[in-house]
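Structure record follows, encoded as structure tokens.
Every number in this text was worked out from the coordinates using simple rules, so none of it is lab data. Everything numeric in this text was worked out from a predicted model, so none of it was measured. Counting neighbours? That spans all protein chains shown, and the Cβs are built from the backbone with ideal geometry, glycine included.
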């Protein structure tokens, strides 16, 4: 009788104390995805995957390892996802007012500040650099950098990156309010629509790829795939490919990406004090990114005649389109007639480009 | 309160950008000077050579970055981002002006 139960329930005794904690973490991710609508396309597969790989003697680990080796170990999934993201983004607001790109650049300050903080906390250079890129607020860039630098914290970095991206509406407003006055938040910015030619729209992805590639060769794959997607969108002769990239390709890769990342969420790897430290550093990165963009706008206001609403600087993080919506809503709350949306979208897509450049520079420094 | 926070954040930014220059000499020269202070010429030469060797392999060393090194990476990174962004803006402005001139001549 004992043998009967042993053969049937033997696996139960294999459960380690860490595994139920991981089930709980998985459940929290699923809860956040379904109930709070926080990045559901990624947090739900990651949450389910976290449960899947933490069952005792889980037979799913081998399958997920195969997917991991096929799609993440060689950086294929995040790069393919970038084609879809590029096809989704309309760079029109940036082309209309190129100066907005400066805010995207300024808001990457958090990445490099976090690199310093992570180094002070004792992380090795490759791990510190990978953790810092959480501040890019860009999942694919974080995966590519962490994987290329061989960081052993990929799982924790991904959870931090996607969780904070989803928490932008909670993280950013208090930082913006702390650093700006009521008068600054009320600054109106009329939008002047210029006619951006089709030639400019087509040349933009090609020129950006070449310029970034020359300065930061490590970023060529990232920026190249992003801009290729955008070229598909703007060229006007490949609409069906553009639509496929935006919908089918992006959805398919996202589906596999979330589940596959969970391979790195096995209890023995994931549950460590370092994970908590990484979550803390990720928060620092997001806060300093936001503050960097806002402060840059305030400094620009000292020199420019046309005043800029400093809140738009916060959109320089690449959490697109969440960040632009949050700041737009904040502007409307202060003054129902202040429409900042086009400016915030422009800064937000600039942040997308700048975060990829930052990721590429980090790769150039540490590879 | 907001003004204090703004000034504090600006100070942090200024410090972090100035840190590479302030901390650049914190490691090697300090170590060398300490040994020279010990008045043993042979030891001083060995230590200096070792420090130089360590500097050349710092990127691959399995040690966390020092504050000075990470601050230098930050400076390089931010300068790099603004450089690339500035170049992109410049190209876009030139393209815009060229487009406008073409339109004017057509009209």
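Suppose R0 equals 45 Å; then what is the FRET efficiency for residue A:15 and residue A:206 from their Cβ-Cβ distance, rounded to the nearest 0.05? It would help to have the intermediate numbers written out before the result.
Numbers: r = 55 Å, r/R0 = 1.22.
My answer for the efficiency is 0.25.
Which semi-axes, in whole Å and largest first, does the equivalent ellipsoid of the protein assembly as shown have when worked out from the alpha carbon gyration tensor as the square roots of 5 times its eigenvalues?
37, 33, 22
What does the extension gain come out to for residue A:239 and residue A:55, with contour length at 0.36 nm per residue minus their alpha carbon separation? Intermediate values should be presented prior to the final figure.
On the way: separation 184, 0.36 × 184 = 66.24 nm, distance 4.44 nm.
Taking residue A:239 through residue A:55 to full extension adds about 61.8 nm, to one decimal.
Under the rule of -39500 (n - 2.57) per DSSP H run of 4 or more residues, summed and divided by the residues of chain A, what mean residue ellipticity at 222 nm is obtained, to the nearest 500 deg cm²/dmol?
Estimated from H runs of four or more residues: -22500 deg cm²/dmol.
Using the number of other C-beta atoms within 10 angstrom as an exposure proxy, rank B:83, A:81 with the fewest first.
B:83, A:81
Between residue B:63 and residue A:182, what is the label-point separation in nm under the 7 Å Cα-to-beta-carbon projection?
5.4 nm
If the elastic network links every pair of Cα atoms under 10 Å, which of A:293, A:110, A:150 fluctuates the most in the Gaussian network model of chain A?
A:150
Report the Rg/Rh value for the range A:11-50, based on alpha-carbon coordinates and the Kirkwood definition of Rh.
Answer for the range A:11-50: 1.11.
For the range A:110-134 and the range A:20-67, what is the centre-to-centre distance using only Cα atoms, to the nearest Å?
26 Å
Ranking request for peptides A:47-58, A:9-20: highest mean number of other beta-carbon atoms within 10 Å first, then the rest in descending order.
For the peptides A:47-58, A:9-20, the packing ranking is A:47-58, A:9-20.
Please report A:271, B:75, A:302, A:361 as a ranked list, fewest other C-beta atoms within 10 angstrom at the top and most at the bottom.
Sorted ascending by nearby Cβ count, the order is A:302, B:75, A:271, A:361.
Using alpha-carbon positions, what is the distance between the centroids of the range A:255-287 and the range A:155-226, in Å?
24 Å
If you count, for every residue in A:119-125, the Cβ atoms of partner chains within 10 Å of its Cβ, what is the mean?
That works out to 5 on average.
Listing A:117, A:158, A:279 from the residue with the fewest other Cβ atoms within 10 Å to the one with the most, what is the order?
Sorted ascending by nearby Cβ count, the order is A:279, A:117, A:158.
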